[in-house]
Every structure is written in C-alpha cells, then in structure tokens.
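The structure under discussion appears below in the form of structure tokens.
The values are calculated or read from the model by the stated rules, or taken from the named source; none is laboratory data. Given the structure is predicted, the values throughout are model-derived calculations rather than measurements. Cβ placement follows ideal geometry from the backbone for every residue including glycine, while neighbour counts extend to all protein chains displayed. Calculation scope for accessible area: heavy atoms of the full protein, side chains included, ligands and nucleic acids excluded. Shrake-Rupley method; radii C 1.70, N 1.55, O 1.52, S 1.80 Å.
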Amino acid sequence: EPEVTQTPSHQVTQMGQEVILRCVPISNHLYFYWYRQILGQKVEFLVSFYNNEISEKSEIFDDQFSVERPDGSNFTLKIRSTKLEDSAMYFCASSEVAASRNEQYFGPGTRLTVT
Amino acid sequence: LAKTTQPISMDSYEGQEVNITCSHNNIATNDYITWYQQFPSQGPRFIIQGYKTKVTNEVASLFIPADRKSSTLSLPRVSLSDTAVYYCLVVHSDTGRRALTFGSGTRLQVQP
C-alpha cells in the first residue's frame, strides 16, 4: 500500500537555526499539506499546496515558514529561524483531490525539538 | 468565531456502540466533514467522510443533520484496538477565509 514518508523522524535544533523537514507524498496525489501537533494538543493545519503554489494557509503559517516542491517527489517545510514554541510533531499529508472532498494520507511525522 | 468542539474523553467497553459528536459552526457550505483516528506517535488515519445525512462504511457510520452544524461518528462494536483519539476535520469559512480545522479531539478508552 502506498504511503507518505517523512524525514527525519526526529530533529533537534537550536533556537534561531533553520530547519527543513522533508516529505515524500504518494506519487499520484496532487494536494499536499503540512500540519503540526504540539505535545498533548490537537492537530493544527499549517498550509496546503497545489499546482506548485500555496492554496491555503493558516494564521500559524507566518513569514518564518515556507514550503517547496523542489522536484517531482519531495515536499518540504522550512522554518527559517526556529523558536522554542516551534517544538512539535510535524505531519505531512497528501490527497488525490482537495482535502475537503477526499481522504488525506498522513505521514508518520517529524518530531522537532528546539532547544 | 469558528469553533470545532468535541468531548475531551469517553470510556466504553468492548462490544458496545460508541457515538462521538463534533460541533462545528461556520462550516463551509460545499465542503465535507471528515473523521480521523490517531494512535500515539502516529499520524491521523482516515475513518469516514460525509456531506449530509448518513454515510456508512466497513468501520463506522457518520450522521450529519440538515443544518450541518454538528456530526456524529458512530463506531458499532468497539474493541480494545479502537482505543485512540478521534478528530473531526472541517473547513471553516470566516469572513471569506477558508481554514481546514481539526476538532479538539476525543480520547476514547475501551475497557475489556
């Protein structure tokens, strides 16, 4: 069964450093998403991406965040200057059509720890 | 202000039916309501999706009233392996801004 993969599984970084979280969505999917989940809290939407551009983003997704699909398979989330409050689990997801009308497949997540 | 609320937790026993309700105001008119299951240290997993009335698949049913301001996930006969957190996911539409919004999550504990 096809699955979404994410690397690394755990990333530790110092405050102020840049991090790039990587995702490989399911190959025939067209919509890609990033979510975050602070420990013990609910899943929060960050951004959706379609046709090589951001289609929707939340208030959390400010100027320190960016996404990119650098090639035909990877989808990345960059946090330009990490803060302590960026510590969370980051999930990538993909779907065949828009999430609101189709199931999203989530990756296993990357745990980001900012010290 | 758009809100998506669920009970924080529920307890059940094996073999019982469990119903979890999500309240969602300001839901976008044309978008579906989706439910996910999440185990510890894993990503959410799709359970069921619907637009209105009732939808059933091999693992659950979803009931959505006509006003679509709430939805109820029904798990017919739970087992220990259904112990997890359950989230509804909707699209809120506030002042023209669309936002994919997960509910607060309901932690279901199934006892033997």
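Below 24 Å Cα-Cα, how many Lys pairs turn up in the protein assembly as shown? Only count pairs eight or more apart in sequence, or on different chains, if you could.
14
For peptide A:100-110, what's the mean number of Cβ atoms from other chains within 10 Å of each residue's Cβ?
What the average comes to for A:100-110 is 6.
Could you rank B:MET10, A:MET15 by how accessible they are, 1.4 Å probe, largest area first? If you can, show how the numbers build up before the last one.
Details: B:MET10 50, A:MET15 115 Å².
Ranked from most to least accessible, the order is A:MET15, B:MET10.
With a point put 7 Å past each Cα toward its Cβ, work out how far A:ASN28 is from B:LYS52 in nm, to one decimal.
Label at A:ASN28, label at B:LYS52, 3.2 nm between them.
Just how many % of Cα pairs in chain A lie over 19 Å apart, if you round to the nearest whole percent?
39 percent
Report, to the nearest whole %, how much of the accessible area of the range A:34-78 belongs to carbon and sulfur atoms, 1.4 Å probe, protein only.
C and S fraction of accessible area: 40 percent.
Seen from all sides and averaged, what is the projected area of the convex hull of the Cα atoms in the range B:4-111, in nm²? Could you put the intermediate results ahead of the total?
Details: hull surface 25.9 nm².
Average of the hull's projected areas for the range B:4-111 equals 6.5 nm².
Could you work out what % of the accessible surface of chain B is carbon and sulfur, using a 1.4 angstrom probe and leaving DNA, RNA and ligands out of the count?
50 percent
For the range A:4-21, in order, what is each residue's ³J(HN,Hα) by Karplus, 6.51 cos²θ - 1.76 cosθ + 1.60 with θ = phi - 60°, in whole Hz (x at glycine and Pro)?
Along the range A:4-21, the couplings run 8, 10, 9, 9, x, 6, 9, 10, 10, 9, 8, 3, x, 7, 8, 10, 10, 9 Hz.
Give me, ordered by chain and number, the residues 5 or more places off A:GLN11 or on other chains with an amide H under 5 Å from its own placed amide H.
The answer is A:ARG111, A:LEU112, A:THR113.
Considering Cα pairs under 8 angstrom that are at least six residues apart, work out the relative contact order of chain B and quote it in whole percent.
Relative contact order for chain B comes out at 36 percent.
Are there any trypsin sites (Lys or Arg not before Pro) in the range A:34-91 that are in a DSSP loop and have at most 15 other Cβ atoms within 10 Å? List them by number.
When the trypsin sites (Lys or Arg not before Pro) of the range A:34-91 are filtered for loop state and at most 15 Cβ neighbours within 10 Å, A:ARG80, A:LYS83 remain.
Find the all-direction average of the projected area of the Cα convex hull for the protein assembly as shown, expressing the result in square nanometres with one decimal place.
12.6 nm²
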